[in-house]
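Structure first, then comments.
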Amino acid sequence: SQQGEEDPQALSIQEGENATMNCSYKTSINNLQWYRQNSGRGLVHLILIRSNEREKHSGRLRVTLDTSKKSSSLLITASRAADTASYFCASGRTYKYIFGTGTRLKVLA
Amino acid sequence: SQTIHQWPATLVQPVGSPLSLECTVEGTSNPNLYWYRQAAGRGLQLLFYSVGIGQISSEVPQNLSASRPQDRQFILSSKKLLLSDSGFYLCAWSPPRSSTDTQYFGPGTRLTVL
């Protein structure tokens with residue numbers, strides 16, 4: 001399989017805590033993207049980081065990228081119950097993006 | 001604004017029956033279109049992508065085919081379904097000539113082959 005990998009596979013935290021999930025990939029990339037999927041629904045784009053960027057912020061989201069290690073991390077600060085979902089990274093270039101297996105995040109109220 | 005539709009939302013089909021899933025995009029022209037399959041508890045597997053009418057690239061050889069008869073219509077088909085074709089099928093689009101390929105997903109079709 002050429003799929004990327006996220007870890008942990010599942011994460012359970014209390015509301016207000018921070019959630020960190022990691023992604024590793026195997027091929028060279030133009031950019032890396034993070035998506036969110038609520039149960040049984042389509043994916044929603046969260047944030048994109050280009051291969052020449054090291055860190056990016058968007059609201060409560062912080063993404064880092066280390067191309068030397070072929071890895072990325074997504075930090076969600078001050079989590080809310082509504083953040084409960086699966087989170088996927090997608091790495092690649094032009095049309096061909098490889099999605100990881102996802103991290104299932106559960107935020108307890 | 002752009003919207004993407006998929007139908008049907010759910011489908012239960014017997015082994016050996018044909019399949020046709022449809023995806024349409026509104027509010028944009030010449031989008032890149034994608035079909036993915038997601039097995040239970042797994043990531044997405046890219047099946048097909050298209051950069052224009054009649055232009056289809058297949059990523060995984062299998063029992064499925066795709067067609068793009070109109071600019072904003074993408075169809076996933078099979079002549080004879082297998083049990084292994086069960087899964088959650090997602091259609092997505094991205095802007096043409098985009099430097100980022102951010103993809104926008106439809107609501108998906110859950111296919112169960114019995």
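The values are calculated or read from the model by the stated rules, or taken from the named source; none is laboratory data. Here the structure is a predicted model, which means the values were calculated and not measured. Reconstructed Cβ throughout: ideal geometry from the backbone, glycine too, with neighbour counts over all protein chains shown. The protein model used for the area step is the full one, side chains on, heavy atoms only, and it has no ligands, DNA or RNA in it. Shrake-Rupley method; radii C 1.70, N 1.55, O 1.52, S 1.80 Å.
Looking at B:Pro8, B:Pro14, can you tell me which residue is open to solvent by 50 Å² or more (accessible area, probe 1.4 Å), in contact (Cβ under 8 Å) with a residue 60 or more places away in the chain and more than 12 Å from chain A (Cβ to nearest Cβ)?
The match here is B:Pro14.
Does A:Tyr25 satisfy the condition of being of a type outside the set (Val, Ile, Thr), within 13 Å of chain B (Cβ to nearest Cβ) and farther than 30 Å from B:Thr112 by Cβ?
yes
Do we have B:Gly27 as within 24 Å of A:Arg41 (Cα to Cα) and without any contact (Cβ under 8 Å) to a residue 12 or more places away in the chain here?
no
Show me the strands (runs of 3 or more DSSP E) found entirely inside the range B:58-114 where at least 3 residues are away from chain A (no Cβ under 14 Å) and at pLDDT 90 or above.
Here the list reads B:65-70, B:73-78.
Which one of B:Leu46, B:Leu111, B:Leu64 is open to solvent by 10 Å² or more (accessible area, probe 1.4 Å) and in contact with a helix residue (DSSP H, G or I) (Cβ under 9 Å, 6 or more places away or on another chain)?
Answer to the check: B:Leu64.
Do we find a residue being within 11 Å of chain B (Cβ to nearest Cβ) and of a type in the set (Lys, Arg) anywhere in the range A:34-41?
Looking through the range A:34-41, at least one residue is within 11 Å of chain B (Cβ to nearest Cβ) and of a type in the set (Lys, Arg).
Residue by residue through the range A:1-56, note down the ones that are open to solvent by 80 Å² or more (accessible area, probe 1.4 Å) and assigned to a loop (DSSP other than H, G, I, E, B).
Matches in the range A:1-56: A:Ser1, A:Gln2, A:Gln9, A:Glu15, A:Glu17, A:Asn18, A:Lys26, A:Ser39, A:Arg41, A:Asn52, A:Arg54.
For the range A:82-109, how many residues are within 11 Å of chain B (Cβ to nearest Cβ) and in a loop (DSSP other than H, G, I, E, B)?
5
Go through the residues of the range B:73-82 one by one and say whether even a single one is touching a residue at least 40 places away in the same chain (Cβ under 8 Å), touching a Cys at 6+ places or on another chain (Cβ under 9 Å), farther than 27 Å from A:Ser39 by Cβ and surrounded by 13 or more Cβ atoms within 10 Å (Cβ to Cβ).
yes
In the range A:42-68, how many are of a type outside the set (A, V, I, L, M, F, W, C) and away from chain B (no Cβ under 14 Å)?
So the count comes out to 10.
Does B:Thr28 meet the test of being at pLDDT 95 or above and either assigned to a loop (DSSP other than H, G, I, E, B) or over 13 Å from B:Tyr89 (Cβ atoms) (or both)?
no
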